[in-house]
1. Calculate one ³J(HN,Hα) per residue across the range A:40-57 by plugging θ = phi - 60° into the Karplus curve 6.51 cos²θ - 1.76 cosθ + 1.60, and present them in order as whole Hz with x for glycine and proline.
2. Which entries in B:Lys18/B:Lys132; B:Lys139/B:Lys215; B:Lys132/B:Lys215; A:Lys265/A:Lys336 show an alpha-carbon gap greater than 32 Å?
3. Report, in degrees rounded to the nearest 10, the 0 to 90 angle that the Cα long axis of helix B:178-191 makes with the longest principal axis of chain B.
4. Give me the angle, in degrees from 0 to 90, between the Cα long axis of helix B:148-162 and the longest principal axis of the Cα atoms of chain B, rounded to the nearest 10.
5. Ignoring ligands, DNA and RNA, what accessible area per residue does the range A:155-198 give at 1.4 Å, in Å²?
6. Counting only residues 5 or more places away or on other chains, whose amide H sits under 5 Å from the amide H of B:Glu28 once H atoms are built in the peptide plane?
7. Calculate the spin-label point distance for A:Asp398 paired with B:Arg192, positioning each point 7 Å from the Cα along the beta-carbon direction, and give it in nanometres.
8. Can you list residues from other chains, or at least 5 along the same chain, whose modelled amide H is less than 5 Å from the amide H of A:His403?
Amino acid sequence: MGQTNSEMEALIAAEYAQGFITRIDSDTFPPGLDEAVVRAISERKGEPEWMLQKRLEAYRHWLTMDQPDWAVINHPPIDFQQISYYSSPKQSPKLESLDQVDPEILATYEKLGISIEEQKALSGVAVDAVFDSVSVATTFRETLAEAGVIFCAISEALRDYPELVRQYMASVVPHKDNFFAALNSAVFSDGTFVYIPEGVKCPMELSTYFRINEAKTGQFERTLIIAEAGSEVSYLEGCTAPMRDENQLHAAVVELVAMEDAKIKYSTVQNWYPGDLEGKGGIYNFVTKRGDCRGDRSHISWTQVETGSAVTWKYPSCILRGRDSVGEFYSVAVTKGFQQADTGTKMIHIGENSRSTIVSKGISAMQGSNAYRGLVRIAGKAENARNHTRCDSLLIGDRCAAHTFPYIEVKNPTAKVEHEATTSKVSEDQLFYCRQRGLTEEDAVSMIINGFCKEVFQELPMEFAVEAQKLLAVSLEGAVG
Amino acid sequence: MLAIKNLTASVDGKEILKGVDLQVEAGELHAIMGPNGSGKSTLAHILAGRDGYSVTGGEVRYLGEDLLQLEVEERARQGLFLAMQYPVELPGVNNMSFLRESMNALRRARGEPEIDTLSFMKQVKEKARQVKLDEKLLKRSVNAGFSGGEKKRNEILQMAMLEPKLAILDETDSGLDIDALRTVADGVNRLRTAERGMLVVTHYQRLLDYIQPDKVHVLADGRIVRSGGKELALELEARGYGWLLEEAAA
Ligand SMILES: Nc1ncnc2c1ncn2[C@@H]1O[C@H](COP(=O)(O)OP(=O)(O)O)[C@@H](O)[C@H]1O
Ligand SMILES: [Mg+2]
């Protein structure tokens, strides 16, 4: 690599001419949270006054709230005064070459089939100019700009499109929604803003990955996606890089707004550090994701593959306000070691003929604990609403656990709500059968698991589906026996 | 090719095999008969390397190697195939992909390139037709929701595709109607070559109406109590197993 860090930074900074990307690694607040911290964050971002006021309002409300304790997860109470609320997300020192990266991480990348250039980017190694990320990003920007699509950091949006942000932010997830949403609303450091104008079909899949500076956004991301009438967008979140952050709290908020005939597809492959096999370390992932099908015939689809984090608390939801609106939730959640996941969805049917589909696949191995929690609510006005829920659990070994908590509230007699649930085990018979046909136990397990997850994987964009499969294989390696 | 010497084995502390001796040469087909619970499946599983059995004595040599030292998949990769008495369902795993993965695992072990899609498809369709397995079942999950007969045909299809050196069939004929029985027998006969050894475990002699064994053995109470030619099977049919057990006990 011929380039130094600062040269590279200059390159990136030049690209983001709007001013976002002041390198913030060196700019870390001391741990602790009070109004002064909230003000400082807002100031650092050069935000408009109304944003600061919203943050403060959220902060004050958060002070009155307690951490939720209803999920099937156990973790030591989080000390919110021990967290730094403004910092570079990657606190590890900047690496100069791949030689300085944990070989285990590199091995994982290799198994995932991630190219060297990507590896450099993902491990936080200064990316040299050979990796043409900057020009790649530029090409995207131009194509998107031609289509009228806005795709930028939320702090950038607050400066350049403050009225749009103001109109929609917190309109789906108000700060009072829950403890972690309130916290996020007070201290969010950055995130992504997407705006698709009326009638526009976004010319490419949008992904944080391409907004390189964003790939490692910190603990409190805020994402806002607005699809105007008749528009369409597919958004990919996260990359499959293992992030070795120690026992960190991630409390993100994602808001989607779909107007008439608009369609938003939101895919996540999450592979954060799950902690070691003894249960030490790992990310606490408390995320509020909600989509608002505001317009008639609008369509929001969540697809998630969750293999990482020590603790996952996450319920991507849809509010089906529009007539004939459609909400979908496809999920694979894997827990192994001492990982705990309490995840699911909420489908709130308000509009007539609104439909929702839920397919949840939970895989538990070793001592992993996996809970599906799903709410289907049919409001009184929602004539002919329909929901179909499939909830399958797969157990590997006999020390793991799966729980299912379906909540169904129907206030309209014309509603059709169906719920199916199964629990199965990867049996010794199956493994013997596969091995007798020449497959290794690991191949056998990954084959059975991929079969189990097929319905969800086929909802992912092609490249993502392949990556997700590999990721599952890697993440469950050694989980059998 | 296969030499079993004084093999003893137990399950959960209970002795099941009490000294089995058996020798199968390349090109030979041996039938193993015997009453229920005599240890036929136990023997087949131990040869394939299934966990849960403790071999307490004796030895098994396969192609000059100590078979019992090898992992299940290593045995498979060296050409040992077991058609199971109760084929296992693999929900979500496509039957054809499974077969192809399996073929490729064996090919890789032999240092051969993976099979290309076209020749694989051609072969699998032709062989499915031979064993009269509905082509639709190729696209379904492995054995999931298959009838008993379909499962057994699928086992024979796998055997035909994988072309083992030593094929062990554990009661592949049980529970089949006469048509299916003939299909299984045809499948076995098609695979008989001068290089291949076959060990056919059967409870009934009727399979042997269609398959000419080189030798017939009777496994009773964990031992081979009698070996002979085809006529032994006929005698068993006429007289049952009782007299043999009495003779063995005497
Ligand atoms: N996993 C097992 N646990 C306990 N007993 C077993 C097990 N497998 C086989 N057996 C016992 O071993 C004996 C032989 O069984 P098996 O080999 O299946 O006989 P066969 O195939 O000749 O009918 C039976 O008494 C059976 O109950
Ligand atoms: Mg048996």
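The values are calculated or read from the model by the stated rules, or taken from the named source; none is laboratory data. Just so you know, these numbers come straight off a predicted model, no measurement behind them. Glycine gets a Cβ as well: all are built from the backbone with ideal geometry, and neighbour counts include every protein chain shown. The accessibility values were calculated without ligands, DNA or RNA, using every heavy atom of the protein model including side chains. Shrake-Rupley method; radii C 1.70, N 1.55, O 1.52, S 1.80 Å.
1. 5, 4, 4, 5, 3, 8, x, 7, x, 4, 4, 5, 4, 4, 5, 4, 5, 4
2. B:Lys18/B:Lys132; B:Lys139/B:Lys215
3. Helix B:178-191 sits at roughly 80 degrees to that axis.
4. Taking Cα atoms only, the helix is inclined about 80 degrees.
5. 31 Å²
6. Sorted by chain and number, the residues that satisfy this are B:Met198.
7. Using points 7 Å along Cα→Cβ, the separation is 4.4 nm.
8. For A:His403, whose amide H was placed from the backbone, the distant partners under 5 Å are A:Asn370, A:Ala371, A:Tyr372.
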